[in-house]
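Notes to accompany the following structure.
Bear in mind these aren't lab numbers, they're just calculated from the coordinates by the rules spelled out. Keep in mind the model is a prediction, meaning the values are calculated, not measured. Quick reminder, even Gly has a Cβ in these numbers, built from the backbone with ideal geometry, and neighbours come from all protein chains shown.
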Protein chains: 2
Amino acid sequence: MTGAESLLRTAVDAGVDVCFSNPGTTEMDVVGALDATPEVRSVLGLFEGVCTGMADGYGRMTGRPALTLLHLGVGLGNGIANLHNARRARTPIVNIVGDHPQSHIPFDAPLTSDIATMAKPVSSWVRTSATAAAAAPDMAEAIAHAVGPPGGIATLIAPADSMRDEAVGAATLPMQASEPRPDEDTIRAAVDILRKDEPVVLLVSGSAVRETGLLLTGRIASATGCTAMSDCFSAHMERGAGLPMLDRMPYFPEAVLERLSDVRHLILAGAPAPVSFFKYRDYPSNLVPETCESFTLCPPDVDPLPYLEALADALDAPVNGAALTELKLPDPPSGALDTRSVGAAIAAALPENAIVADESATSGGPTFYLTRTARRHSALYLTGGGIGLGIPMASGAAVACPERPVLALQGDGGAMYTLQALWTQAREGLNVTNVIFSNRKYQILQVEQARTGLSNPGPIARGMTELTNPEIDWRDLAKGMGVRACRPDSAEALYSELERGFAEPGPGLMEVVL
Amino acid sequence: MTGAESLLRTAVDAGVDVCFSNPGTTEMDVVGALDATPEVRSVLGLFEGVCTGMADGYGRMTGRPALTLLHLGVGLGNGIANLHNARRARTPIVNIVGDHPQSHIPFDAPLTSDIATMAKPVSSWVRTSATAAAAAPDMAEAIAHAVGPPGGIATLIAPADSMRDEAVGAATLPMQASEPRPDEDTIRAAVDILRKDEPVVLLVSGSAVRETGLLLTGRIASATGCTAMSDCFSAHMERGAGLPMLDRMPYFPEAVLERLSDVRHLILAGAPAPVSFFKYRDYPSNLVPETCESFTLCPPDVDPLPYLEALADALDAPVNGAALTELKLPDPPSGALDTRSVGAAIAAALPENAIVADESATSGGPTFYLTRTARRHSALYLTGGGIGLGIPMASGAAVACPERPVLALQGDGGAMYTLQALWTQAREGLNVTNVIFSNRKYQILQVEQARTGLSNPGPIARGMTELTNPEIDWRDLAKGMGVRACRPDSAEALYSELERGFAEPGPGLMEVVL
């Protein structure tokens, strides 16, 4: 058994079953070992940012790490932006980054680079497997780190000699640390806050925005009258009919400050205290007003479920007490396409149990609002602000959940970053319906230009935010990668294309020109 | 004058006139300042790897740094692979990477990341402008560093507060270090080697493969009978009729070893000693045989021109002694498309003074060979091995040299990495003819699989190297980005499309299915 085989066998034994791959020469021994471990499905992406974005979507849906297979520093570099998003989503991922044989590195061949340094900003664990014997135990540690607690991104640098040489065999995962458990004082303090006759926001994140957590949060809210909120960009939220509905923390600082202006207590359950996404002259970075006291039920790197359960029990909150959202679908819209009618078409057409990978940016507001009462679905948001995640994330979610329909909501600016993911969707026959919000601008930048005082930009500044001259035709781009595509010219046409897209197997793309 | 304006004004005063931009919110003050410094042409790329690849092409053609404007760590990450290639090409580049206002960074907002660490592996100079007053002098130092000697990639991290606040004004460049000059002992030692009756290879790089350097190298070769060679992947080589022709150092180690087996002396002029691109079990990393003695005329970070001139003079080599290549064009080919007929079509059609940006990978051998005697042209190669450079590099070269026809030779695997560059070609009306070598595989990986002993890969390993199911249609991809495209079905059709492409303004794309 080679080092590469021992490494992959270790991953298989630990339940890892997918590798999002864009290998090169230095990774050929790992690629060769893939045939010896067919339990690992190797999914080719034609750009590394596609691979890391798919791994993010996969990890968000399964809670388990996928592997990525990347080609030295250049491959890792191409994957960094979506690893940044995954880091902010606290997604478990194990990157395998190939490298030259270690004896070759001092010769500074053209592809040699400082991989470990490059990996640090997006990894909470980085190691180089110095020998074939180390490959399996290193992979075991990488997986253990990725799974956690608290979990995160592990990057294993795999020199070709360590992959090629003979190894002993697979390794088993080290003993996992146990999750911190709630202590009585913390719970009692939270109870005291919630029993005061003062306005409280319970801000939840992580597992607290999925079914069990939502029901616990809803129980607490019903029993105490507090307002339950999620952070602005959740990694994986369950939403829609049959689940408690949470308010979402707004994006812009003035809206957050307004939202919290009458709130006296902010209880944080796995969520960081709200800070401004960007800093503006007139607003602070810290968006918790001085009139509002923060209390940390549990920090962001701790699973909030046991804390919420202990809190709900301590409050004697009735077990089935959460208020559940009733199904309320908009009528299928007709007429012109705008963000409102697009949102209505999506909310009306969205099938039960869909997954929505949302990088709709400035075009997605009405869709977000209208799908709150749609059929139950999972929603994945752009956690780290690095655009170009939506289509890869949708693809990875579809790999994770082949039986579920996946909807990618994608602004055109971000779509151009990682459009290669469409090819992988076609190759793997992934059930992804891609909606491109084609407003032909970096609209968020036009908004931000105005906010930062550049309300009347000159032609050069303006030109940096306009995706015109030429206009991009997403039908052609999709077709070129084997994905059927259309450009509906009305809301009813979009609705009917969405219905068709959800019903038919394989990927499709709809360009919505706004 | 804001920090951003002082920074751009400093760049303008230093002769910098292009910024390859993909900005975000944190860069809005720099974007706003672009209208105050219209001497800087801001070219929008729809992905940061396009911007850095364009900056590489621009810098290789002009010898002057372009700016890039990138959005925090995620934007820099996306640009890393082509910065790696630029680093290997010793291209001068100044990256401006925006960041949050410094007061905001401790709040760890979603887009916060460790930019300085990420920049290090691809930059030889990294600095954060901590104040608006520092912005201009920091930019002056960045440019001075990029220009050199020895020159390289400078990354200036530009927090939004430093860009927005009031600054004093532009700064002037610090005194540049002077180039090392040849000393007599070194020249005399080289003369002694060349006057021995033993086989000598003079391996040249950098400026030595452009006109003046080639003529000097040719003088030396004619006068001494030594063999003049270039390294395998030159950053910017002048080639074709009227210039001395150099042998190219082969790619694979066994070919280098064979080439040098009878050589007793290797004189290095700006070139590193040949090392294996990848390491194979049966061949060493260092490809200089023990029977061959290396002598460094000047190291890779030093301009070889004065050394070659001093050497030529010391040898009393006749001033016009270089043997010049005679124009020899293949007949325009006909019949089936294969790498040989494609090479013939290109060599026959290539106009005088063209620029060839070459990432043709495994498909480009015959083209390389046949264009050695074609009309004189500049050729830019993939220096760092990070694929996805060709189309952006061609675009940047076209920005640098708007009067010259540019030909991008691009394998389809690498083309998918940074296809967004086609949109910039269309928007800027760049005279780039893109030839996509569409063999629908990562052919180099199939070659390397066989070389590394995986001569009979299983279906999974094989699948990782095949760009099929679905096949990509480059006509659609180009059309979607506003670039006219065709798929010639014969060598004569390709030849006629090439002639048309070179004659018509603006970009075009030809997909050559192999």
ask   = Pairs A:LYS441/B:LYS441; A:LYS120/B:LYS279; A:LYS196/A:LYS328; A:LYS279/A:LYS441; B:LYS328/B:LYS479; A:LYS120/A:LYS441: which exceed 24 Å Cα-Cα?
value = A:LYS441/B:LYS441; A:LYS120/B:LYS279; A:LYS196/A:LYS328; B:LYS328/B:LYS479; A:LYS120/A:LYS441
message = Considering only C-alpha atoms, what is the centroid distance from segment B:289-313 to segment A:273-324, in Å?
response = 67
message = Using each residue's phi in segment B:382-394, evaluate 6.51 cos²θ - 1.76 cosθ + 1.60 at θ = phi - 60° and report the 3J(HN,Hα) Karplus result to the nearest Hz, with x for Gly and Pro.
response = 7, 5, x, x, x, 6, x, 9, x, 5, x, 4, 4
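Let me have the 222 nm mean residue ellipticity of chain B computed from DSSP H runs of 4+ only, each contributing -39500 (n - 2.57), with the sum over all residues rounded to the nearest 500.
Roughly -11000 deg cm²/dmol at 222 nm, from the helical runs in chain B.
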remark   = Here FRET efficiency (C-beta to C-beta, A:ASP197 to A:ASN353, R₀ 30 Å, nearest 0.05) is 0.15
message = Averaging the inverse of every distinct alpha carbon separation and then flipping it gives the Kirkwood radius. What is it for segment B:14-94, in angstrom units?
response = 12.5
key: Projected area averaged over orientations for segment A:152-239, convex hull of C-alpha atoms, nm²   = 9.7
inquiry  = Considering only C-alpha atoms, what is the centroid distance from segment A:445-495 to segment B:449-484, in Å?
reply    = 29
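May I ask for the equivalent-ellipsoid semi-axes of segment A:377-438, computed as the square root of five times each C-alpha gyration tensor eigenvalue and listed largest first in whole Å?
18, 13, 10
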ask   = If you build the Cα gyration tensor of chain B and take the root of 5 times each eigenvalue, what three semi-axes come out, in whole angstrom, biggest first?
value = 37, 31, 22
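Sort the following peptides by mean Cβ neighbour count (other Cβ atoms within 10 Å, averaged over residues), highest first: A:162-171, B:28-37, A:267-276.
B:28-37, A:267-276, A:162-171
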query = Based on the Cβ-Cβ distance from A:THR468 to B:ARG188, what FRET efficiency comes out when R0 is 45 Å, to the nearest 0.05?
reply = 0.10
inquiry  = Over the Cα atoms of segment B:268-311, each weighted equally, I'd like the Debye log10 I(q)/I(0) at q = 0.13 Å⁻¹, rounded to two decimals.
reply    = -0.37
ask   = Across segment B:10-18, in residue order, what do the Karplus-derived ³J(HN,Hα) couplings come to in whole Hz, using 6.51 cos²θ - 1.76 cosθ + 1.60 with θ = phi - 60° and x for Gly and Pro?
value = 4, 5, 4, 4, 8, x, 7, 10, 9
ask   = What does the average come to when, for each residue of peptide A:160-172, you count the partner chain Cβ atoms lying within 10 Å of its Cβ?
value = 1
inquiry  = Given Cβ point charges of +1 (Lys, Arg) and -1 (Asp, Glu) and nothing else, what value in debye, to the nearest 20, does the dipole of segment B:77-146 about its Cα centre take?
reply    = 400
key: Farthest toward positive dipole pole in chain A [+1 Lys/Arg, -1 Asp/Glu at C-beta], among A:HIS236, A:LEU498, A:THR2   = A:LEU498
task = Arrange the following residues from fewest to most other Cβ atoms within 10 Å of their Cβ: B:THR452, A:THR68.
result = B:THR452, A:THR68
task = Starting from a label point 7 Å past Cα on the Cβ side, list the distances from B:PRO402 to the same position in the other copies, nm, shortest first.
result = 5.4
message = So if I place +1 on the C-beta of Lys and Arg and -1 on the C-beta of Asp and Glu, and nothing else carries charge, what would the dipole magnitude of chain A be about its Cα centre? I want it in debye, nearest 20.
response = 820
message = Can you list residues from other chains, or at least 5 along the same chain, whose modelled amide H is less than 5 Å from the amide H of A:HIS100?
response = A:ALA160
request  = Under 16 Å from a label point 7 Å along Cα→Cβ of B:ARG281: give me every residue in segment A:125-169 with its amide N that close.
outcome  = A:132, A:160-167
ask   = Among A:VAL209, B:VAL302, which comes first, then next, by fewest other beta-carbon atoms within 10 Å?
value = B:VAL302, A:VAL209
key: Highest average packing first - B:109-121, B:226-238, Cβ atoms within 10 Å   = B:226-238, B:109-121
message = From the Cα trace of segment B:408-514, what convex hull volume per residue do you get, rounded to a whole Å³?
response = 103
key: Of all chain B residues, the one whose C-beta is nearest the axis that brings B onto A, in angstrom   = B:ASP476, 2
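Counting only DSSP beta bridges with both residues in chain B, tell me the antiparallel percent, nearest 5.
Antiparallel bridges make up about 10 percent of those DSSP assigns within chain B.
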query = What span do the alpha-carbon atoms of segment A:318-436 cover on each of the three principal axes, reported in whole Å from largest to smallest?
reply = 46, 38, 27
ask   = Within the protein assembly as shown, what percent of beta bridges assigned by DSSP are antiparallel, to the nearest 5?
value = 10
remark   = With 0.36 nm assigned to each residue of separation and the Cα-Cα distance removed, A:THR172 to A:THR131 gains 13.0 nm
query = What list of ³J(HN,Hα) couplings, whole Hz, do you get for segment A:315-323 from phi and the Karplus terms 6.51, -1.76, 1.60, once you set θ to phi - 60° and write x for glycine and proline?
reply = 7, 6, 5, x, 4, 9, x, 5, 6
query = Which distances, shortest first and in nm, link A:GLU466 to the matching position in the other copies, using label points set 7 Å out along Cα to C-beta?
reply = 4.6
request  = Quick one, can you get me the convex hull of the C-alpha atoms of segment B:92-223 expressed as volume per residue in Å³?
outcome  = 147
message = With +1 assigned to the C-beta of every Lys and Arg and -1 to the C-beta of every Asp and Glu, and no other charges, what is the dipole magnitude of segment B:226-314 about the Cα centre in debye, to the nearest 20?
response = 260
ask   = What residues qualify as long-range amide H neighbours of A:ASN434, i.e. H under 5 Å apart, gap of 5 or more or another chain, H built at 1.01 Å from N?
value = A:ALA408, A:GLY508, A:LEU509, A:MET510
query = When A:ARG188, A:ARG259, B:ARG462 are ordered from fewest to most other Cβ atoms inside 10 Å of their Cβ, what list results?
reply = A:ARG188, B:ARG462, A:ARG259
query = Per residue of B:382-392, what is the mean number of Cβ atoms on other protein chains within 10 angstrom of that residue's Cβ?
reply = 4
Ratio of the Cα radius of gyration of the protein assembly as shown to 2.2 N^0.38 Å, where N counts its residues = 0.95
remark   = Partner shielding of B:19-26, taken as the mean number of other chain Cβ atoms within 10 Å, equals 5
task = Report the calculated FRET efficiency for A:SER294 and A:ASP262 (r = Cβ-Cβ distance, R0 = 22 Å), to the nearest 0.05.
result = 0.90
